[in-house]
1. Identify which of L85, L155, L27 has the largest mean-square fluctuation in a Gaussian network model of the chain, with springs joining Cα atoms closer than 10 Å.
2. Just subtract the alpha-carbon distance of I62 and I160 from 0.36 nm times their residue separation and send over the number in nm, one decimal.
3. Please identify the GluC sites (Glu not before Pro) of the range 59-148 that satisfy two criteria: DSSP loop assignment and at most 16 other Cβ atoms within 10 Å. Which are they?
4. Considering the Cα positions of the chain, please state its Rg to one decimal place and its Dmax as a whole number of Å.
5. Positive end of the dipole of the chain, charges at C-beta (+1 Lys, Arg; -1 Asp, Glu), about the Cα centre: which of W75, G109, P60 has its Cα farthest in that direction?
6. Going by C-beta contacts inside 10 Å, put T55, T97 in order with the fewest on the left.
7. Could you put R59, R41 in order, starting from the residue whose Cβ has the fewest other Cβ atoms within 10 Å?
8. Against the longest principal axis of the chain, how steep is helix 16-27, in degrees 0 to 90 to the nearest 10, with axes from Cα atoms?
Amino acid sequence: MAIKMIHHVNVQISDRERTRAWYEKVLGAEFLDRGPALNRRQLQLRLGSSEIHFTVTPRPTIVQSSHFAIEVDDWESTLAHLDDLRIPHVRTSAASTGSDIGGTDPQQGRREDSSEHYTYIKDPDGNLIELVNHPLGLQDSQGRKVEVAHDPRGLRWVQIAGFVEAEKARGL
Ligand SMILES: [Fe+2]
């Protein structure tokens with residue numbers, strides 16, 4: 001067995017529409033239409049080449065240091081985007097292992113080993129999300145540069161042909 005990728009993470013939320021709007025606006029997430037019945041069960045969005053699935057619960061359990069991280073393609077435009085939307089972003093969070101790590105900028109940090117950029121934001125329920133960018137790139141065991149999957153619009157795991165249409169026709 002070999003793992004190919006992280007397919008999805010699951011995050012607890014309290015309000016489906018608020019969450020969908022926030023992830024679409026802030027992170028460019030894309031709604032994945034699973035058909036009426038599955039859509040009711042869960043909200044599922046695409047983030048880059050992975051997915052994020054949301055379980056709605058009245059009072060989500062937020063673990064302060066628990067988070068997932070997203071690799072973005074351009075750091076400066078990411079920070080400008082967060083500023084435009086007035087999304088607070090910080091270098092030190094509950095997930096940080098020390099307050100003096102990653103430089104002195106309160107809004108972003110650099111990791112000493114890879115010069116990775118990073119910052120932390122929170123979604124409307126308080127779920128912690130780390131945004132990262134690795135300017136030195138990704139390499140394999142032979143030191144060859146590897147490109148991660150790009151973010152083509154509409155990237156998705158294939159559904160059974162006609163599934164959504166059939167469900168809609170059945171009024172589910
Ligand atoms: Fe992290």
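1. Evaluated over the chain, the most mobile residue of the options is L85.
2. Values: separation 98, 0.36 × 98 = 35.28 nm, distance 3.49 nm.
Roughly 31.8 nm would be gained on extension.
3. On the way: sites: E71, E76, E112, E116, E130, E147; in loops: E112, E116, E147.
In loop regions of the range 59-148 (DSSP not H, G, I, E or B), the sparsely surrounded GluC sites (Glu not before Pro) are E112, E147.
4. 18.0, 58
5. The listed residue farthest towards the positive side: P60.
6. On the way: T55 12, T97 7.
Arranged by neighbour count, lowest to highest, T55, T97 become T97, T55.
7. Details: R59 8, R41 12.
Placing the least packed residue first, the sequence is R59, R41.
8. 40
Values quoted throughout were computed directly from the atomic coordinates according to the rules given, and no laboratory measurement underlies them. For clarity, every value in this text was computed on a predicted model and none was experimentally measured. FYI the Cβ positions are ideal-geometry reconstructions off the backbone, even for glycines, and counts take in every protein chain you see.
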